[in-house]
Amino acid sequence: MDSDLRSIGELARASGLTVSALRFYDAAGVLVPAWVDPVTGYRRYTDDQVAPARLVAGLRRVGMPVAEIAQAVRAEPALVHRLLDTHLRRLEQGLADARREVSRLRSLLPADQPGITRLTLTGAALAAAVDAVRFAVGTDPTVPALTGVLFDVTDSGLELVATDRHRLAVATAEATVHGPAVRTLLPLDTVDALRHLLDASASAGAGADRALVELTVSGSSLVADVAGHELRATALPYDFPDYHALLPRSGAAGPTRRVPVDAEWLVTALRAGGPTIVREYAGRSWPVTVLGLGPPDRLRLLGSDDLPDSDDLPDPDRPGLAAGADRAGADGTELRVGVNGEYLLDALDAAGGRHLTLELDSPLTPLTIRRPDDEGAFSILMPIRL
């Protein structure tokens, strides 16, 4: 009988467990030898015990508790899968807790090395900020400073900004920041790769609402750690324009018009193709979407029958489209604003949500699209003269 069985050393080599581990799992009742020599005490195992021993070795490597390993060795495959899912969630939660604790400990340490800024934020917050601004990234190779996303880090958190001169999108994300304020302009392919990592982390069950992302900025280099996956990038060597002058004002000097919008209705109307008006410029016909901004809770799309004919359309390829709006109605309560319909649709899609607000300060200032529940995320469009 002994010649048909494996020694403990042979099973150790076949399974990846050490001899001492096999003795431990024997004592714990997890992997009991098929036969023990009553004289020498030598343990012997059958060939059928190789597969369970290999399972034990794997479960041991991922840190599964002994009690659950004992269950898995004797269970049907379906139960083993459930045990693995439970253990994986336990590991992920432990990693999230560890990351939060590391972030807390860093806040207790003296200031970091000069020139290095570290920030920690949730994957969900970073993903939402990227989604809110990506549509506005420029594609004109003659203006390379606009072909990326600005990561503007301050003491209060992170602000993402993108613009192609005709529209601008801004989104903020709450973050814990250690180090000096810094601005870094990341290439679009880097931003897309980072967004992909965030999606992969969420798909793997990391819990995007709790999982933490760590960004380290040093000079022109950025390192992102997303659930243990590292992304290294080099910033674009260009100065992003000063966008603060274009940001909508707040308080008493804020926009004169705030019009609530049923975004679902407006998106449906825009995707249906109208109404629009056509203007001629430089030998080309340009479709223009015209918004009629009336008294509170009033917004309508205007067609050619609502407006006088005009050839006064600016060049859409020129930086900062000339802005304009016509007032209609005897009491002057409706403000008519022309915009690029595709740009407006992009902004509405990026904003998300059913209820949005359109803000306009005057006929010569950009139109702002804002979510009422998130003051830090908005986009602005340059109006087109009608």
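The values are calculated or read from the model by the stated rules, or taken from the named source; none is laboratory data. The structure presented is a predicted model; accordingly, all values stated were derived computationally and were not measured. Cβ atoms come from the backbone with ideal geometry, glycine included; neighbour counts cover every protein chain shown. The accessibility values were calculated without ligands, DNA or RNA, using every heavy atom of the protein model including side chains. Shrake-Rupley method; radii C 1.70, N 1.55, O 1.52, S 1.80 Å.
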Taking the stretch 154-167 and keeping only residues that are under 27 Å from Arg118 (Cβ atoms) and open to solvent by 20 Å² or more (accessible area, probe 1.4 Å), one is left with Thr154, Asp155, Ser156, Glu159
Picked from the stretch 1-45 (must be touching a helix residue (DSSP H, G or I) at 6+ places or on another chain (Cβ under 8 Å) and hydroxyl-bearing (Ser, Thr, Tyr)), the residue nearest to Ala72 (Cα to Cα) is Tyr25
When the stretch 264-308 is checked residue by residue, the ones that are surrounded by fewer than 12 Cβ atoms within 10 Å (Cβ to Cβ), modelled with pLDDT under 75 and of a type in the set (A, V, I, L, M) are Ala282
If we ask which residues in the stretch 322-375 are modelled with pLDDT under 80 and not in a loop (DSSP other than H, G, I, E, B), their number turns out to be 7
Within the stretch 376-386, the residues that are open to solvent by less than 20 Å² (accessible area, probe 1.4 Å) and outside any strand (DSSP E or B) are Pro383, Leu386
From the option list Leu146, Leu160, single residue qualifying as at pLDDT 90 or above and closer than 21 Å to Asp374 by Cα is Leu160
Filtering the stretch 168-177 down to residues that are touching a helix residue (DSSP H, G or I) at 6+ places or on another chain (Cβ under 8 Å) and open to solvent by less than 40 Å² (accessible area, probe 1.4 Å) yields Leu168, Ala169, Val170, Ala171, Ala173, Ala175
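Pick from the stretch 139-153 the residues that are within 14 Å of Val170 (Cα to Cα) and in contact with a Pro (Cβ under 9 Å, 6 or more places away or on another chain): which of them is surrounded by the most Cβ atoms within 10 Å (Cβ to Cβ)?
Top of the filtered list is Val149.
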task: State yes or no: is Ala127 open to solvent by less than 40 Å² (accessible area, probe 1.4 Å), among the small types (Gly, Ala, Ser), without any contact (Cβ under 8 Å) to a residue 60 or more places away in the chain and out of contact with any His (no Cβ under 9 Å at 6 or more places or on another chain)?
output: no
Those residues of the stretch 1-60 which are of a type in the set (D, E, K, R) and in a loop (DSSP other than H, G, I, E, B) amount to Asp37
Output for Cβ contacts, cut-off 6 Å, separation at least six or different chains, first residue closer than 12 Å to Phe240 by Cβ and assigned to a strand (DSSP E or B) in the stretch 159-182, second modelled with pLDDT of 90 or more and open to solvent by 30 Å² or more (accessible area, probe 1.4 Å), reads Glu159/Thr172
If we ask which residues in the stretch 214-244 are open to solvent by 30 Å² or more (accessible area, probe 1.4 Å) and outside any strand (DSSP E or B), their number turns out to be 11
Counted residues in the stretch 11-39 being touching a residue at least 12 places away in the same chain (Cβ under 8 Å) and either of a type in the set (Phe, Trp, Tyr) or open to solvent by less than 80 Å² (accessible area, probe 1.4 Å) (or both) come to 17
